[in-house]
Amino acid sequence: MNTDDITVGLILAGGEGQRVGRRNKGLLTLQGKSLVQHILERLSPQVDKIVISANEDIEMYQTLVPDVYKDLSTSVGKGPLAGILTASQQIDGNVRFMQVVPCDTPFIPSDLVATLKQALLSHPENEIAYAATAFCDHPSIFLCKTSINHRLFDHLEQGKLSIKSWLFSHRTIKVMFDDELAFTNINYLETLAQYQ
């Protein structure tokens, strides 16, 4: 393993599941496996380690990966950026890149990390690369240099809670992918039923 190129995958599973009846979205079952299990199968070959940000059902997630991080008390209720901040404070200092994926995107492409990383390495001035398709941008699916994540605390303290606000306060590059289906969001139970 190239120690200059260690990449951790972070699955964001800390939301309240408001659009799925306040159920834990990452643990919803799709074709016999939880949404998080689908992501683990697709993301694991692409990164050196996977961690999960979750605020409920911690033990359930720990049956899938050992490192599950609950939002810090100072960040509770501040959304996905709080999960990224907490994970960033826990991971090894040698990690150079963090690939962020929300728990409701079970079809992510097998070349996600390599494609985003190539965009960053080809344009070293950039700090974040995020996915997009012809019909939609996907800012919650991004690869960042971990060296920027120490700034998250101040960003949250300023009341900036959206992922877009974080992305676009940095040097960011949009990376196009062809497969729209690969970035399908399972935001509603009706959508989940369509893919069973």
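Odds and ends about this structure:
- Residues of segment 122-135 that are within 16 Å of P109 (Cβ to Cβ) and in contact with a helix residue (DSSP H, G or I) (Cβ under 7 Å, 6 or more places away or on another chain): A129, Y130, A131, T133.
- Within segment 58-79, tally of residues that are farther than 19 Å from S165 by Cβ, part of a loop (DSSP other than H, G, I, E, B) and either modelled with pLDDT of 85 or more or touching a Ser or Thr at 6+ places or on another chain (Cβ under 8 Å) (or both): 7
- Positions within segment 128-160 being crowded, with 17+ Cβ neighbours inside 10 Å and charged (D, E, K, R), in sequence order: K145
- Among the residues of segment 131-142, the ones that are in a strand (DSSP E or B) and either of a type in the set (K, R) or over 11 Å from V101 (Cβ atoms) (or both) come to 5 in all.
- Considering segment 1-42, the residues that are part of a loop (DSSP other than H, G, I, E, B) and among the basic types (K, R) include one that is modelled with the lowest pLDDT, namely R22.
Conditions (1) modelled with pLDDT of 95 or more; (2) over 18 Å from P80 (Cα atoms); (3) small (G, A, S), marked per residue:
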position: H138; (1), (2), (3): yes, no, no
position: I148; (1), (2), (3): no, no, no
position: S162; (1), (2), (3): no, no, yes
position: I173; (1), (2), (3): yes, yes, no
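- Hey, L143 touching a Lys or Arg at 6+ places or on another chain (Cβ under 9 Å) and at pLDDT below 90 or not: no
The values are calculated or read from the model by the stated rules, or taken from the named source; none is laboratory data. Bear in mind the structure is a predicted one, so any value in this text is a computation, not a measurement. Every residue, glycine as well, gets a Cβ built from its backbone with ideal geometry; the counts of neighbours run over all protein chains shown.
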